[in-house]
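S.K.: My structure is below; once you've seen it, I'll send some questions.
The values are calculated or read from the model by the stated rules, or taken from the named source; none is laboratory data. Since we're looking at a predicted model, the values are computed, not measured. Cβ placement follows ideal geometry from the backbone for every residue including glycine, while neighbour counts extend to all protein chains displayed.
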Amino acid sequence: MPIWGCRMIEALYNFFIDPFVRMAADFPIFFAEIVISGLLAGVMYSLVALGFVLIFKASGVFNFAQGVMALFAGLFLTGFMNDFGIPAWLAIPMTVAVMVATAWLIERLVLRHLVNQEPIILFMATLGLAYVLEGVGDLIWGSDVKLLDIGIPSGAWDWALDSVGIYVEKIELTAAIVAAGLVIVLAYFFQYTRIGRALRAVADDHQAALSVGISLRTIWVIVWSVAGIVALVAGIMWGTKSGVQFSLSLIALKALPVLILGGFTSIPGAIVGGLIIGVGEKIAEVYWGPVVGGAIENWFAYMLALAFLLFRPQGLFGEKIIERI
Amino acid sequence: MVFRTFAFGLVTAIPLALAGAATTDAYELVIPSLDYRTGPYAPNGIPVANGFADYMTLLNERDGGINGTPIKLVACETAYNTQQGVECYENTKGTEPSGALVYNPLSTGITYQLIPKAEVDQIPILSMGYGRTSAANGSVFPYIFNFPATYWDQASVFIKYIGEQEGGMDALKGKKIALVYHNSAYGKEPIRTLEELSKKHGFEFLALPVDHPGQEQKATWLQIRREQPDWVMMWGWGVMNQVAIKEAASIRFPMDRFIGVWWSGSENDVVPTGADANGYKSGTFHAPGSDFPLHADIKTHVYDKGKGAGEEGRIGEVLYNRGVIQAVYVTEAIRKAMDIHGTNEVRGVHVRDGLEALDLTEDRLAELGLPAFTIPVAITCANHTGPGKVALQQWDAEAQKWSLISDFMEADREVVDALIKEDSEAYAKENNITPRECPSS
């Protein structure tokens, strides 16, 4: 091998491999912390990605408004709790009702008029919807940062920190448990219920589903309602962490690489994608970030997702689309 | 019939036209307000805009404007977006009758874009405690003002404060001080100063960027946990601040060793984090609270008449007061411009003179209803920053209030002034600017 080839390999090794070998050997606890934190952060991204997957899976629509729906749900929840003094156990079902009503309105005012339109038209409609929901939320509840406290524990998990010396965030641990529960419920819903099967039929072919008597409108209301409830869960987790505020809608940007990697139609894909992105971006930020000035985790997540795309264009768990010409 | 209709129309139209002409002839002082009431940073933009608007309304309602000439406040929404901010500037700069008199971009990014335009359009810019620090050099930046203190002043005051807490500046040797910063032009401003100060005092400096908007900072705080710095400073904005405070509390970083820039020290940053924020500190250049005579005037003349820009209960919050002091600086500069040029019909170029001759003494602050609210400010041709002094405040989560915990401290002029000179001269060279001569004060 020529000398320049050896040098190139050595440089690549020094950049990509050596930091981990040294860090894992010198600071194994720190390395474990990064991986655990990455996994848990990934679950938080997955919670947002799940909403996208649900709607895409059932209607072929990429719902640009999913991040805003998390904000919208969070605004209503904090509004009910903080402005009207309603306890969390009642405010949460009330917010679910709001999200179901919103889904019904979206179907009535937007989707109903766009049946059989090109996917790009539906996507553009959700883009407009994002702005409408954000504006309505602002009008009703104002732009202030709102404290959200429904009793989810926050801070470090004391036992892990004091006994093992590993830092694990309690909110994220709770999110992981909630996400696991959500995935089980959603998987059961899609695989074993009549409505779930109807949702999958609609996703495969609108017109074929209509021809066998499936009501497209009802299905859309159901799927947008479920996505609204998932958005509420995401809003609660992220809102507990940072307060409910308008930047919450930007968490959608964190879900996009997860979707690209996991596939737009797979619920397990959203979870696995989230875990890979979470760990990948944390490792990149801590070990490679300092070399290039830091703050690389946002774009690194997209780069990682794009790298996966080269080998699996449909994502890790996405359905392979074969079209006959 | 046709003639009678025409004559009637003429008879009624002429007085209306005259009245209209009389209205447009009345001189008004156009002050654009580049607000951000929407977008991810709206929670911070709204109180600043409200404080600014309320003070202008107060002057119009109570005094008929400035020296009797009414103020025309022209609001434009930037959403804290640089491109939108520049559009706002272009759309409002020619507003009749006076044209824009002065701009407060409320964003370092927008300020950087407007710096070259200001001199061409002869409209001064006041980037109060933000923007390009080296604009302090008035001989290179005649139209840019950044009083009462800059980010570099603030960074050096923080180091001085940390030195005091550690038992003297010599005690900084071997200490580790981290900066968690918004990965933007704004967030990067203090880095150079802190690097210089670390060389001077022998502490280790660690800079950790956080990308916009800053909702996810786990990697940053894991690094803090590994590095175990003695102190952490933050140059954050918006949601980044709340998340950082939560993360710091989670890794059990002592909150009284965590100091935020003055844009990371408002109620918005600490209230949503609950008890976690107790003891957190931040820089400031004015007092918090609503116990000043000016606030009472605002309530009487603005809110009691239903003309308030926001909620009365939020008067006196940190960012509201920042909007108020910004309005005070602007209007006092316009008053000064009127004095200098002997006319109320001032334009941007005159207000620049007013800003450069501004002398806001303790007595004048007391007259305005703000005794001991902030430090006196005196601007000169060469020095567009003025006093450069910064105080620290601390959050009491139980009492839900900020309290000043230090005097206004002098920046390390030796380090800061040298950096300002170096940076402004480099800017002048890059842009072929010949610095103007300023009389030595």
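S.K.: Being among the hydroxyl-bearing types (Ser, Thr, Tyr) and within 14 Å of chain A (Cβ to nearest Cβ) is the filter; apply it to segment B:26-76 and report the residue that is surrounded by the most Cβ atoms within 10 Å (Cβ to Cβ).
M.R.: The extreme case among them is B:Tyr41.
S.K.: Something else: A:Val110 fails exactly one of the following numbered conditions: (1) under 25 Å from A:Thr265 (Cα atoms); (2) at pLDDT 90 or above; (3) surrounded by fewer than 24 Cβ atoms within 10 Å (Cβ to Cβ); (4) within 22 Å of the chain's Cα centre (by Cα). What is the number of that condition?
M.R.: Of the numbered conditions (1) under 25 Å from A:Thr265 (Cα atoms); (2) at pLDDT 90 or above; (3) surrounded by fewer than 24 Cβ atoms within 10 Å (Cβ to Cβ); (4) within 22 Å of the chain's Cα centre (by Cα), the odd one out for A:Val110 is (4).
S.K.: Would you check which residues across segment B:359-373 are assigned to a strand (DSSP E or B) and buried (at least 22 other Cβ atoms within 10 Å of the Cβ) and list them?
M.R.: B:Leu360
S.K.: Take segment A:151-161 and flag every residue that is more than 21 Å from the chain's Cα centre (by Cα), assigned to a loop (DSSP other than H, G, I, E, B) and surrounded by 15 or more Cβ atoms within 10 Å (Cβ to Cβ).
M.R.: Answer for segment A:151-161, where residues must be more than 21 Å from the chain's Cα centre (by Cα), assigned to a loop (DSSP other than H, G, I, E, B) and surrounded by 15 or more Cβ atoms within 10 Å (Cβ to Cβ): A:Gly155, A:Trp157.
S.K.: Can you pull out the residues in segment A:233-290 that are within 9 Å of another protein chain (Cβ to nearest Cβ) and of a type in the set (Ser, Thr, Tyr)?
M.R.: Hits for segment A:233-290 are A:Ser242, A:Ser247, A:Ser249.
S.K.: Same structure again: Among the numbered criteria (1) in contact with a Ser or Thr (Cβ under 8 Å, 6 or more places away or on another chain); (2) surrounded by 20 or more Cβ atoms within 10 Å (Cβ to Cβ), which one does B:Pro376 miss?
M.R.: Condition not satisfied by B:Pro376: (2).
S.K.: Also, quick follow-up: Looking at B:Ala244, B:Ala249 in this structure, which one is assigned to a helix (DSSP H, G or I), under 21 Å from A:Leu248 (Cβ atoms), in contact with an Asp or Glu (Cβ under 6 Å, 6 or more places away or on another chain) and of a type in the set (Gly, Ala, Ser)?
M.R.: From the options B:Ala244, B:Ala249, the qualifying one is B:Ala249.
S.K.: Could you grab me the full set of residues in segment B:316-343 that are in contact with a His (Cβ under 6 Å, 6 or more places away or on another chain) and surrounded by 24 or more Cβ atoms within 10 Å (Cβ to Cβ)?
M.R.: Answer for segment B:316-343, where residues must be in contact with a His (Cβ under 6 Å, 6 or more places away or on another chain) and surrounded by 24 or more Cβ atoms within 10 Å (Cβ to Cβ): B:Asn321, B:Ile325, B:Ala337.
S.K.: Could you go through segment A:139-158 and let me know if any residue there is in contact with a strand residue (DSSP E or B) (Cβ under 9 Å, 6 or more places away or on another chain), in contact (Cβ under 8 Å) with a residue 24 or more places away in the chain, within 21 Å of B:Tyr41 (Cα to Cα) and not hydrophobic (A, V, I, L, M, F, W, C).
M.R.: yes
S.K.: Still on this structure, I have one more. For segment B:218-236: of the residues being within 13 Å of chain A (Cβ to nearest Cβ) and of a type in the set (D, E, K, R), which is farthest from the chain's Cα centre (by Cα)?
M.R.: Residue satisfying both the conditions and the ranking: B:Arg226.
S.K.: Looking only at segment B:249-277, which residues are touching a residue at least 60 places away in the same chain (Cβ under 8 Å), within 13 Å of chain A (Cβ to nearest Cβ) and within 23 Å of B:Ile159 (Cα to Cα)?
M.R.: Within segment B:249-277, B:Ser266, B:Val270, B:Ala277 qualify.
S.K.: Now for a separate question. Select, from B:Ala53, B:Ala100, B:Ala49, the only residue that is assigned to a loop (DSSP other than H, G, I, E, B), touching a residue at least 24 places away in the same chain (Cβ under 8 Å) and closer than 21 Å to B:Ile125 by Cβ.
M.R.: Every option except B:Ala100 fails the conditions.
S.K.: Condition first: in contact with a helix residue (DSSP H, G or I) (Cβ under 8 Å, 6 or more places away or on another chain), assigned to a loop (DSSP other than H, G, I, E, B) and surrounded by 15 or more Cβ atoms within 10 Å (Cβ to Cβ). Now tell me which residues in segment B:397-441 satisfy that.
M.R.: B:Ala397, B:Ser406, B:Ala411, B:Asp412, B:Ile433, B:Pro435
S.K.: Pairs needed: first member in segment A:173-201, of a type in the set (Phe, Trp, Tyr); second member anywhere, surrounded by 17 or more Cβ atoms within 10 Å (Cβ to Cβ) and modelled with pLDDT of 90 or more; C-beta distance under 8 Å; at least 6 residues apart or different chains.
M.R.: Close Cβ pairs satisfying both conditions: A:Phe189/A:Val226.
S.K.: What are the residues in segment B:281-328 that are under 22 Å from the mean Cα position of the chain (by Cα) and at positive phi, if any?
M.R.: B:Gly289, B:Gly316
S.K.: Of the residues B:Pro43, B:Pro142, B:Pro105, B:Pro97, only one is more than 15 Å from the chain's Cα centre (by Cα) and within 23 Å of B:Ser282 (Cβ to Cβ); which?
M.R.: B:Pro43
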